[in-house]
Amino acid sequence: MAKTLQWGGRFTEEPDAALVAFGSSLDDDLVLASFDVRTSQAHVSALATGKIIDATTERALRKALAQVKDEIDAGDFAAFARAGVEDIHGAIDARVRELCPNGEGEWLHAGRSRNDQVATTLLLYGRARAEEGQAAALEVVRELTERAKEELGAGTLLCATTHWQPAQPALLAFWLIAAAEGFARAAKRFSVARDATRESCPLGSGAVAGSTLPLDRETPARELGFAAPSRNAMDAIGNRDAILDVAHAFVRAAIDASRIAAELVIWCTPAFGYANLGDAASTGSSLMPQKRNPDPFELVRATAAELTGTYAGALATLCGLPLSYHRDLQQTKRLAIATIEHGHATLRAFARALAGVQFDRDRMNALAADGYAVATDIADALILSGISARRAHEMVGRAVARAEREHRPLCEEDLHELASEAGVRTLDAPLDARSSVNAKCTIGSTSPTEVRKSLSSLAIERSHLSSLSIERNPGLSSRASARKSAHDVEGSASRHMRE
Ligand code: ARG
């Protein structure tokens, strides 16, 4: 029977190579390799503390696993994990058997099934990616808030739209913060998803009902940074909730990115002329020499749509799936990994492209009050002078229609007429975009004071979220987490100094 497979004793015929190839998930789960090694190392602890293996076997297994880890880090393992192996989990087991001189490798799988191995490995992988997703989301928040600070300083205006039609004057900084808010929520979603991957450790659940071997379940759970061993083996091996939570966080963040990307694609058109995507992020045309295309943003837009489909596919594999392990879960794994990997790449690409956007302040300022965008403020002024909301709306609507017929903006003359119609001496209402913005007085509005406030509260939230990712990550090796903490602290300290 093929040596690479982990079963075969009960069969007399060789497996059909085409069906083995059809059933292999190796191309999709190679990305799990280093996480699987950690799962295997923790299982060695379970075997050793449970006195199922002796010290010599433990040493040999640990040495072989360390070598596999080196091969993975050096990029050599993919060559070993070749056709005939069902998945990365089997590939690592096969390599350990090959590396152990006296058959110690035959002990690695004692009491373990790929069912608890896959479930545990997926959680470790999901936890690491959730961490990276959170960092990527926070990087977008950082970029957007830095830009908001610059544009607030420059006082850049923007005609805020609804339905893409001119609505009300706003600050460009206000728009940038609106964009950042979504990514702050995304960062929180990553943090919650990461916590879900730490709750309970499936390792030691075996195939479905636990083991008659005295496996230590506490030590591996602790070693791998889980809060506790899982409570129910049947649930533990078939549960994919946490990895789907991580995938969901990536899809949602990609959707957030796609909305901003779609708007920037329009802003970069000459007709709008609000923004220009720098050379490094733009692409040209093979035929039209003048072209400057915002491809990264278009790809972000399309990838978010693709990921939504992939994620829906992952959910669909679970519909009607009975409890316990079924091979269908291999497809859930494949689709969840695809969602996470592409989601991660999308977020990072989005952050890079975003950094290349330059705004045309003059153009934005010039158009900020276009399309009678101050009309609402004029209606508000009428309301403050005692006119009912309905009537004020009607009166200003008529003034707009008049101005539109005469191809001119609303002017002082219109305010005089509205005042006399309302029976008041004067109407104190803004006619230009800057006065409109400055006159806003509600919490969360586009007034410079409110924008400044929301910027500083967002900065506090961002540093809180970055600190969460350090504190709550006992799953990282202590060296890696020390490195990471130092990096984050340095980063947030220098950010604080700039703020
Ligand atoms: N390739 C499978 C997966 O990735 C491994 C689990 C196989 N378990 C089994 N009982 N056939 O999900």
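Looking at this structure, is ILE53 away from the ligand (no atom under 16 Å from the Cβ) and more than 30 Å from the chain's Cα centre (by Cα)? Please lay out each step first, then the result.
Values: away from the ligand (no atom under 16 Å from the Cβ): yes; more than 30 Å from the chain's Cα centre (by Cα): yes.
The answer is yes for ILE53.
State yes or no: is GLN168 modelled with pLDDT of 95 or more, within 16 Å of the ligand (Cβ to nearest atom) and in contact with an Asp or Glu (Cβ under 8 Å, 6 or more places away or on another chain)? In short, no.
Cβ-Cβ distances below 9 Å connect the following pairs, each with a first residue in the range 348-373 that is free of Cβ contacts under 8 Å to residues at least 12 places away in the same chain, a second residue that is part of a strand (DSSP E or B), and a separation of six or more residues or different chains: ALA366/LEU157.
Quick check, is GLN41 over 22 Å from ASP116 (Cβ atoms), of a type in the set (S, T, N, Q) and within 34 Å of the chain's Cα centre (by Cα)?
no
ALA193 meets each of the listed conditions (1) in a helix (DSSP H, G or I); (2) free of Cβ contacts under 8 Å to residues at least 40 places away in the same chain; (3) crowded, with 17+ Cβ neighbours inside 10 Å apart from (2).
Listed here are the residues, each with its yes/no results for (1) modelled with pLDDT of 50 or more; (2) under 23 Å from ALA148 (Cα atoms).
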site: PRO409; (1), (2): yes, no
site: LEU431; (1), (2): yes, no
site: SER436; (1), (2): yes, yes
site: LYS440; (1), (2): yes, yes
site: THR449; (1), (2): yes, yes
site: ILE460; (1), (2): yes, yes
site: LEU465; (1), (2): yes, yes
site: SER485; (1), (2): no, no
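Which residue is nearest to ARG348 (Cα to Cα), if the candidates are limited to the range 256-266 and must be crowded, with 18+ Cβ neighbours inside 10 Å and in contact (Cβ under 8 Å) with a residue 40 or more places away in the chain?
Of the residues in the range 256-266, the ones crowded, with 18+ Cβ neighbours inside 10 Å are 256-258, 260-261, 263-265.
Imposing the further condition that a residue be in contact (Cβ under 8 Å) with a residue 40 or more places away in the chain reduces the set to 256-258, 260-261, 264.
Values: ASP256: 13, ALA257: 10, SER258: 13, ILE260: 14, ALA261: 13, LEU264: 17 Å.
Once the filter is applied, the top-ranked residue is ALA257.
Among the conditions (1) under 28 Å from THR339 (Cβ atoms); (2) surrounded by 14 or more Cβ atoms within 10 Å (Cβ to Cβ); (3) within 16 Å of the ligand (Cβ to nearest atom), the only one that PHE77 does not satisfy is (3). Residue count for the range 404-424, restricted to those that are surrounded by 15 or more Cβ atoms within 10 Å (Cβ to Cβ) and under 50 Å from the mean Cα position of the chain (by Cα): 4. For the range 255-270, the criterion of being outside any loop (DSSP other than H, G, I, E, B), touching a Ser or Thr at 6+ places or on another chain (Cβ under 9 Å) and not polar (S, T, N, Q) is met by at least one residue. Within the range 400-413, the residues that satisfy the criterion of being free of Cβ contacts under 8 Å to residues at least 24 places away in the same chain and either of a type in the set (A, V, I, L, M) or in a helix (DSSP H, G or I) (or both) are ALA401, ARG402, ARG405, GLU412, GLU413.
Any residue that is closer than 30 Å to LEU122 by Cβ, outside any helix (DSSP H, G or I) and touching a residue at least 60 places away in the same chain (Cβ under 8 Å) - is there at least one of those in the range 168-188? Give the derivation first.
The first filter runs over the range 168-188 and keeps only residues closer than 30 Å to LEU122 by Cβ, leaving 182-188.
Then drop every residue that is not outside any helix (DSSP H, G or I), which leaves none.
No; the residues of the range 168-188 include none that is closer than 30 Å to LEU122 by Cβ, outside any helix (DSSP H, G or I) and touching a residue at least 60 places away in the same chain (Cβ under 8 Å).
Applying the set (1) of a type outside the set (Asp, Glu); (2) in a helix (DSSP H, G or I); (3) within 16 Å of the ligand (Cβ to nearest atom) to TYR325 leaves exactly one unmet item: (2).
Being more than 16 Å from the ligand (Cβ to nearest atom), over 39 Å from the mean Cα position of the chain (by Cα) and not aromatic (Phe, Trp, Tyr) narrows it down to one residue among GLU71, GLU14; which is it? So the residue among GLU71, GLU14 that is more than 16 Å from the ligand (Cβ to nearest atom), over 39 Å from the mean Cα position of the chain (by Cα) and not aromatic (Phe, Trp, Tyr) is GLU14.
Table: residues versus (1) in contact with a Phe, Trp or Tyr (Cβ under 7 Å, 6 or more places away or on another chain); (2) within 16 Å of the ligand (Cβ to nearest atom); (3) farther than 15 Å from HIS248 by Cβ.
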| residue | (1), (2), (3) |
| --- | --- |
| MET288 | no, no, yes |
| LYS291 | no, no, yes |
| LEU299 | no, no, yes |
| THR308 | no, no, no |
| GLY320 | no, no, yes |
| ALA338 | no, yes, no |
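Can you find, within the range 87-133, the residue that is farthest from SER24 (Cα to Cα) among those that are free of Cβ contacts under 8 Å to residues at least 60 places away in the same chain and small (Gly, Ala, Ser)? Per the criteria, the residue is GLY103.
Just the residues that are assigned to a loop (DSSP other than H, G, I, E, B) and closer than 16 Å to CYS441 by Cβ, please, taken from the range 363-377. Let's see the steps before the verdict.
Let us first name the residues in the range 363-377 that are assigned to a loop (DSSP other than H, G, I, E, B), namely 368-374.
If the condition is that a residue be assigned to a loop (DSSP other than H, G, I, E, B) and closer than 16 Å to CYS441 by Cβ, then VAL374 is the only one that fits.
Taking the conditions (1) more than 16 Å from the ligand (Cβ to nearest atom); (2) in a loop (DSSP other than H, G, I, E, B) in turn, GLY153 satisfies each one other than (2). Per the conditions (1) closer than 30 Å to ASP36 by Cβ; (2) surrounded by 20 or more Cβ atoms within 10 Å (Cβ to Cβ), the sole criterion not satisfied by ALA349 is (2). Considering every residue within the range 200-219, establish whether at least one is in contact with a Cys (Cβ under 9 Å, 6 or more places away or on another chain), within 18 Å of GLU263 (Cβ to Cβ) and at pLDDT 95 or above. Within the range 200-219 (the criterion being in contact with a Cys (Cβ under 9 Å, 6 or more places away or on another chain), within 18 Å of GLU263 (Cβ to Cβ) and at pLDDT 95 or above), the answer is no, since none of the residues qualifies.
State yes or no: is ASP380 assigned to a helix (DSSP H, G or I) and under 30 Å from ARG142 (Cβ atoms)? So ASP380 does not fit the description; no. If you go through the range 110-143 and keep only what is among the polar types (S, T, N, Q) and in a helix (DSSP H, G or I), you end up with ASN115, GLN117, THR120, THR121, GLN134.
Counting only helices (runs of 4 or more DSSP H) that fall entirely inside the range 12-56 and contain at least 2 residues that are charged (D, E, K, R), in contact with a helix residue (DSSP H, G or I) (Cβ under 7 Å, 6 or more places away or on another chain) and surrounded by 15 or more Cβ atoms within 10 Å (Cβ to Cβ), the qualifying elements are 26-29, 33-49.
Annotation: of all residues in the range 86-140 being more than 29 Å from ALA18 (Cα to Cα), within 16 Å of the ligand (Cβ to nearest atom) and of a type in the set (Gly, Ala, Ser), the one that is surrounded by the fewest Cβ atoms within 10 Å (Cβ to Cβ) is GLY111.
The values are calculated or read from the model by the stated rules, or taken from the named source; none is laboratory data. None of these values were measured; they are calculated from a predicted model. Backbone-built Cβ (ideal geometry, glycine too); neighbour counts: all protein chains shown.
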